[in-house]
Amino acid sequence: MTVEIPSQLITALRDANRIVFLTGAGVSAESGIPTFRDALTGLWERYDPEQLASADAFRRDRELVWGWYEWRRMRVLKAQPNGAHRAIVEFASKVPSVSVITQNVDDLHERAGCENVIHLHGRLDRPICFACRRPHELPTGIPEEPEGGRRLAPPRCEYCGGYVRPGVVWFGESLCESEWTAAADACRKCDVLFSVGTSSLVQPAASLPVTAARRRATVVQINLGPTSLDVLAHFNLVGPAGVILPALYDAVWGASK
Ligand code: BJW
Ligand code: ZN
């Protein structure tokens, strides 16, 4: 695939001191992790992710919700970072300040070598108690029945006996205040903001490119198709993030490793 990179974008990146990458599920798609709004397949195809990602869903049927999250955690444990994750690490070696703000609940940015990733929507591998919110330690290794897709009873909290839930931010819940403040701060100060592989549907994450644009940052979107951000972005690069980000790096700094 040939990637056309506008020369004004190359100049903006060469001159940039602070770059923010706001990433979404599309960044992990090439690692084999289904995006959030892709139709589910296999044993989960009857379910709508938006109906499973809430505290009400957990109260209604915690075994269904915990089973879905354990299946997803298993998928992540078996996955590897892709070219998009790696290219972001390479950008960080060239630009004085690079912040990664992700909506993803996997750890693929970290496993690619990215430090200080802001996880706006929490992490699959950091479960907490539904009652007292203390962290709960899961056994190491890949959960049994890897191709599961089955209901699973959540563990109980060792302090209060409550049910353990995934350490993610569900619909209707507040984002962690310190993560949100750090994210908004980075977007107010950046020269270039990349919005990569996100449908830009979920608030307040979708407001971050607007914050950056108001402060005169260059906004660049990388996505397979159109989103509501198209009208705001200065550059819309259409294609897989795992191809476009390495090509962008090469266009600015020469061939990547
Ligand atoms: C590729 C690709 C490739 C594919 N290369 N691209 C204001 C207005 C309206 C509603 C609200 C509002 N404020 C709050 C709300 C309610 C709600 C919300 O935004 N709802 C919308 C759906 C309308 N927000 C909240 O509830 C938030 N809480 C909050 O605001 O608290 C205060 C409050 C509460 C209630 C009312 C008002 C205020 C919390 C949001 C938490 C979201 N959590 C989830 C689940 C986390 C756990 C889990 O993963 O299970 O986070 S939802 C889900 O969406 C998940 C994702 O992180 C998030 C974003 O999805 P993402 O990453 O964009 O994925 P997709 O699948 O949507 O898109 C993938 C994209 O990639 C596509 O565009 C593809 O084309 C592309 N792609 N392959 C490049 N190779
Ligand atoms: Zn507890």
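The values are calculated or read from the model by the stated rules, or taken from the named source; none is laboratory data. A quick note: this is a predicted structure, and the numbers were derived from the prediction, not measured. Here the Cβ positions follow ideal geometry from the backbone for every residue, glycine too, while neighbour counts run over all protein chains shown. Protein only, heavy atoms only, side chains kept; ligands, DNA and RNA dropped before computing areas. Shrake-Rupley method; radii C 1.70, N 1.55, O 1.52, S 1.80 Å.
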Any idea which residue in the stretch 95-113 is most open to solvent (accessible area, probe 1.4 Å), counting only those that are within 15 Å of Ala183 (Cβ to Cβ) and in a loop (DSSP other than H, G, I, E, B)? Gln103
Exactly one of Glu177, Glu173 is open to solvent by 20 Å² or more (accessible area, probe 1.4 Å) and touching a helix residue (DSSP H, G or I) at 6+ places or on another chain (Cβ under 9 Å), and that one is Glu173
Close pairs from the stretch 149-168: first in contact (Cβ under 8 Å) with a residue 60 or more places away in the chain and over 24 Å from His119 (Cβ atoms), partner away from ligand 1 (no atom under 16 Å from the Cβ) and of a type in the set (A, V, I, L, M, F, W, C), Cβ under 8 Å, at least 6 apart: Gly149/Leu43; Arg150/Leu43
Tell me the residue from Thr211, Thr218 that is farther than 15 Å from Glu4 by Cα, in contact with a Lys or Arg (Cβ under 7 Å, 6 or more places away or on another chain) and away from ligand 1 (no atom under 12 Å from the Cβ), please. Thr211
Within the stretch 37-71, restricting to residues that are open to solvent by less than 50 Å² (accessible area, probe 1.4 Å) and among the charged types (D, E, K, R), the one that is modelled with the lowest pLDDT is Glu70
How many residues, within the stretch 1-30, are crowded, with 17+ Cβ neighbours inside 10 Å, of a type outside the set (A, V, I, L, M, F, W, C) and part of a helix (DSSP H, G or I)? 2
Is it true that Leu9 is on the phi < 0 side of the Ramachandran plot and touching a Phe, Trp or Tyr at 6+ places or on another chain (Cβ under 7 Å)? yes
Checking the structure you have, find out if any residue of the stretch 231-254 is open to solvent by 30 Å² or more (accessible area, probe 1.4 Å) and among the hydroxyl-bearing types (Ser, Thr, Tyr). no
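Looking for something under 14 Å from Glu70 (Cβ atoms) and away from ligand 1 (no atom under 16 Å from the Cβ) - is there at least one such residue anywhere in the stretch 154-165?
Within the stretch 154-165, the first condition is being under 14 Å from Glu70 (Cβ atoms), and the residues that meet it are 154-155, 163-165.
When the remaining residues are screened for being away from ligand 1 (no atom under 16 Å from the Cβ), the result is 155, 163.
Yes - at least one qualifying residue is present in the stretch 154-165.
Rundown of residues vs (1) farther than 13 Å from Leu77 by Cα; (2) in contact with a Cys (Cβ under 7 Å, 6 or more places away or on another chain); (3) among the acidic types (Asp, Glu); (4) not in a strand (DSSP E or B), yes/no style:
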residue	(1), (2), (3), (4)
Asp125	no, no, yes, no
Ile128	yes, no, no, no
Cys132	yes, yes, no, yes
Gly141	no, no, no, yes
With a cut-off of at least 1 residues that are touching an Asp or Glu at 6+ places or on another chain (Cβ under 7 Å) and away from ligand 2 (no atom under 16 Å from the Cβ), name the helices (runs of 4 or more DSSP H) lying wholly within the stretch 154-257. 241-253
